[in-house]
Amino acid sequence: MPIESPPSTPGALHRLGALCARRRRWVLGAWLLALVAALVVLAPRAGEPTVAFDTPGSDSAHAAEIIRTHFGDRSVDALDIVWHSDAGAQAPAVSAALRPLLDEAPTLEGLASVVGPEVSADGRTAVARLQLAAPSMDDLPSASAQRLLELADGAESATPGLTVALGGEAILMAEEGDPNPEGIGLLVALGVLILTFGSLVAAGLPILSALMAMGVVTGLIGMMATVMDTPDFAAPVAIIVGLGVGIDYALLMVTRFRAERAEGRETADAVAATTASAGRSVLIAALTVVISMLGLTTLGLQFMTAVALAAAGAVLLACAAALTLIPALLAVLGPRVDRLRVPGLRPTGGASPRWAAWSRAVQRRPGAALALGIALIVLIAAPVATLRLGMPDAGNDPSGTSTRTAYDLVAEGFGPGGNGPLLVVAETPSGTPAGAGERLRATLAETPGVASVAPPVSSPDGGALLLALTPGTGPQDAATADLVASLRERVAPAVRSDSGLAIAVGGLTAATVDSGTYLADRLPLLIGLVIGLSLLLLVAAFRSVAIALKAALMNIVSIGAAYGVVALVAQGGWLGGLVGVDNAVPVPPFVPVMMFAILFGLSMDYEVFLLSRIRERYLAHGDTARAVTEGIAGTATVITAAAAIMVAVFVAFALGASPALALFAVGMAAAIIIDATIVRLLLVPAAMQVLGRANWWLPAWLDRALPGVRLEGAR
């Protein structure tokens with residue numbers, strides 16, 4: 001017998017679906033107007049991507065502030081022009097070949113002056129720094145980078161035995177071009193949708209919905225960049241997440257609509273029922289994703305806050321499109337949603353006998369299923385023990401690229417630390433003893449682990465000194481991090497005691513060390529907040545403590561396994577080579593943090609899709625085992641299709657991306673695969689079979705305290 005009766009009056013989502021069906025032209029017009037406004041009005045007024053990666057309160061942030069205050073607002077970024085010749089880096093023929101490059105480079109748009117060159121001890125390698133006139137490397141026009149590559153090739157071909165290479169992120173982007181990961185992901189997603197629905201019209205609806213929502217998101221992110229610092233990767237991350245969930249949400253809605261129509265409902269009733277049932281799953285899933293992403297704002301890092309807001313906005317708009325645009329489109333199409341069938345394809349829909357048989361097999365031996373699932377998760381997660389945090393650099397770029405060649409030449413000619421100098425800065429107030437800078441240089445040079453220290457440079461206002469310190473080890477070496485700690489903990493107090501100078505150690509390498517420490521200290525707060533708020537939402541939605549705890553635990557399990565995959569890919573080899581990670585790469589500290597926040601929400605999508613159907617069936621007859629079987633049979637096909645779409649989007653995003661973004665995308669894809677297979681289709685049914693009626697336990701006092709989230713409406 002039913003455990004509880006449905007509400008006697010339509011719920012909020014039922015009324016929303018009915019309204020969208022009645023006012024479908026108004027809804028479609030509103031979305032078209034929003035899209036035009038975003039692309040025509042907002043996009044041309046978008047702010048420029050800018051971001052400070054400084055860690056609040058850190059020594060590297062203090063060093064950066066001193067540099068900005070006393071050395072001006074000019075960009076600290078620079079392109080490296082590196083050349084090597086066995087005949088000598090300053091041989092007459094070599095100098096003649098390089099003259100066109102060195103003369104024309106400063107005249108290109110976004111570039112300023114050439115500093116140097118600095119010649120290696122053996123005289124065969126030289127480095128000249130090409131200062132930027134643009135605010136950052138991201139602002140350098142691609143045409144300028146392409147012209148530099150042409151000039152470098154011309155210099156190299158003019159002199160036998162001469163190797164010329166360019167270093168800098170802008171150079172790598174110019175070499176690799178601009179891949180279109182969104183386009184690749186959408187093509188794969190369309191193929192999965194066609195196989196799922198067997199109809200071009202039905203398959204096109206989720207793509208259309210997601211694209212319209214992301215078009216609006218693009219304009220809004222551009223506006224966000226006008227009021228707060230927003231990194232250039234905020235938009236790609238938001239779009240890739242928004243496309244994935246947007247297609248998944250719309251897929252769930254279209255699938256449920258076709259099922260409602262198959263039961264004999266008229267179009268308007270089917271739209272309302274779809275929004276009340278599938279829409280409830282979409283809303284809860286989206287809110288969980290948003291809660292998880294907004295958890296990133298607690299870290300206090302400006303660039304993560306911008307990414308979190310952009311991604312959360314993308315998910316909310318994807319949810320809004322699924323709950324309003326899709327119902328309006330379905331109301332317009334009605335039975336024509338299955339038009340343009342693809343010959344030879346049978347549309348999937350309704351309960352799947354094969355998945356029902358699978359569920360019963362798992363439920364017959366839940367202990368064995370749990371043991372198998374846990375063993376697989378542990379095996380996949382095992383490589384996490386080798387996870388090495390750090391920032392990838394040009395040494396991790398693909399072999400044969402100009403940036404990788406430049407990195408290798410510098411390491412060979414100037415030592416591994418030449419690619420990751422530290423910047424030691426000190427303010428020099430009036431009364432600072434004469435020669436304090438040289439004494440500071442001598443003290444730094446005597447420090448173990450230091451290869452060399454450049455002469456001190458005084459700021460134009462005479463208020464600060466800047467010294468470039470070259471470590472004896474590479475920027476990714478643990479010994480370099482130890483050197484940073486030694487300079488701060490032992491050398492800095494000695495310098496203050498000797499000369500009164502208060503030094504700060506900065507530069508990219510020092511900033512990376514500070515960022516890793518900062519994130520590690522605040523990660524427990526993020527995890528606790530995200531899990532706590534998500535548990536409250538799930539308990540309120542499903543009226544069960546056990547289901548909420550199990551969902552959180554399953555999500556943590558799948559994320560842990562994803563970390564293992566990231567660690568394995570980061571080792572390079574054939575697996576890493578599939579996404580352009582040719583050699584061992586450190587994992588940026590922000591990658592596992594962002595993965596946790598985003599994946600905890602995304603993984604909940606499939607949990608909500610499945611549990612919503614299981615709860616719906618349990619409320620109908622009160623048999624947990626039967627409800628689990630019916631829930632899996634009714635949702636496994638759509639979960640599989642949704643996961644395939646999400647994986648396609650993330651994998652496409654990984655192709656051609658930087659190592660950091662490639663690792664992020666691969667980790668996301670791995671988590672979705674693990675979550676939609678091992679977790680949802682093995683661990684969840686087995687665990688629910690073991691728990692039985694305890695699945696639905698909720699203390700009476702908690703039931704009274706929590707708000708009732710009963711959005712499914714009347715059937």
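The values are calculated or read from the model by the stated rules, or taken from the named source; none is laboratory data. Model, not experiment: these values are computed from the prediction. Reconstructed Cβ throughout: ideal geometry from the backbone, glycine too, with neighbour counts over all protein chains shown. The accessibility values were calculated without ligands, DNA or RNA, using every heavy atom of the protein model including side chains. Shrake-Rupley method; radii C 1.70, N 1.55, O 1.52, S 1.80 Å.
For the structure I just gave you, tell me whether Ala259 is within 27 Å of Ser603 (Cα to Cα), surrounded by 24 or more Cβ atoms within 10 Å (Cβ to Cβ) and hydrophobic (A, V, I, L, M, F, W, C). Here the answer is no, as Ala259 does not meet what is asked. Residue-level analysis places Leu130 outside the set of residues that are of a type in the set (A, V, I, L, M, F, W, C) and assigned to a helix (DSSP H, G or I). Check region 585-592 and report whether any residue there is at pLDDT below 80 and touching a Gly at 6+ places or on another chain (Cβ under 6 Å). For region 585-592, residues at pLDDT below 80 and touching a Gly at 6+ places or on another chain (Cβ under 6 Å): present. Scanning region 396-416 for residues that are of a type in the set (Gly, Ala, Ser), in a helix (DSSP H, G or I) and more than 17 Å from Ala479 (Cα to Cα) returns Ser402, Ala406, Gly413. Considering (1) over 27 Å from Met391 (Cα atoms); (2) out of contact with any Asp or Glu (no Cβ under 9 Å at 6 or more places or on another chain), the lone condition that Glu118 does not fulfil carries the number (1).
Taking region 105-127 as the range and being assigned to a helix (DSSP H, G or I) and polar (S, T, N, Q) as the test, only Thr107 passes. The condition (being of a type outside the set (Val, Ile, Thr), in contact with a Gly (Cβ under 7 Å, 6 or more places away or on another chain) and open to solvent by less than 50 Å² (accessible area, probe 1.4 Å)) is satisfied by just one residue among Ala551, Ala540, Ala492, Ala479: Ala479. Output the residue which, of all residues in region 573-599 that are part of a helix (DSSP H, G or I) and open to solvent by less than 10 Å² (accessible area, probe 1.4 Å), is farthest from Thr288 (Cα to Cα). Among those residues, the one meeting the criterion is Gly576.
Checking each residue in region 675-703 for being open to solvent by 10 Å² or more (accessible area, probe 1.4 Å), within 30 Å of Ala652 (Cβ to Cβ) and not hydroxyl-bearing (Ser, Thr, Tyr) picks out Ile678, Leu681, Leu682. Among the residues examined, Gly420 does not qualify as open to solvent by 40 Å² or more (accessible area, probe 1.4 Å), over 28 Å from Gly161 (Cβ atoms) and at pLDDT below 90.
Please work out which residue is farthest from the chain's Cα centre (by Cα), limiting yourself to region 19-50 and to residues that are part of a helix (DSSP H, G or I) and among the small types (Gly, Ala, Ser). For region 19-50, the residue satisfying everything is Ala21. Taking the criterion of being without any contact (Cβ under 8 Å) to a residue 60 or more places away in the chain and open to solvent by less than 10 Å² (accessible area, probe 1.4 Å), the residues of region 279-300 that qualify are Val282, Ala286. The single residue among Val651, Val638, Val690 that is modelled with pLDDT of 80 or more, β-branched (Val, Ile, Thr) and over 29 Å from Phe233 (Cα atoms) turns out to be Val690. Taken over region 27-46, the residue count meeting the criterion of being over 16 Å from Ser209 (Cβ atoms) and touching a Ser or Thr at 6+ places or on another chain (Cβ under 6 Å) is 0. Remark: Phe609 matches the filter, which requires a residue to be aromatic (Phe, Trp, Tyr), over 20 Å from Ala311 (Cα atoms) and modelled with pLDDT under 80. Counting only helices (runs of 4 or more DSSP H) wholly contained in region 272-388, the ones carrying 3 or more residues that are more than 24 Å from Cys20 (Cα to Cα) and modelled with pLDDT of 85 or more occupy 302-320, 353-364, 366-381. Is one or more of the residues making up region 232-250 open to solvent by 10 Å² or more (accessible area, probe 1.4 Å), in a helix (DSSP H, G or I), over 21 Å from Val651 (Cβ atoms) and of a type in the set (A, V, I, L, M, F, W, C)? No: region 232-250 contains no residue that is open to solvent by 10 Å² or more (accessible area, probe 1.4 Å), in a helix (DSSP H, G or I), over 21 Å from Val651 (Cβ atoms) and of a type in the set (A, V, I, L, M, F, W, C).
Taking the listed residues Ala445, Ala411, Ala406, Ala394, the one that is modelled with pLDDT of 85 or more, open to solvent by 20 Å² or more (accessible area, probe 1.4 Å) and more than 23 Å from Ile66 (Cα to Cα) is Ala411, with no other qualifying. Answer with yes or no whether Val666 is farther than 23 Å from Tyr249 by Cβ, open to solvent by 10 Å² or more (accessible area, probe 1.4 Å) and under 20 Å from the mean Cα position of the chain (by Cα). Yes. Leu602 meets the stated requirement of being of a type in the set (A, V, I, L, M, F, W, C) and open to solvent by less than 10 Å² (accessible area, probe 1.4 Å). Here Ala426 does not qualify as assigned to a loop (DSSP other than H, G, I, E, B) and either under 30 Å from Thr403 (Cβ atoms) or small (Gly, Ala, Ser) (or both).
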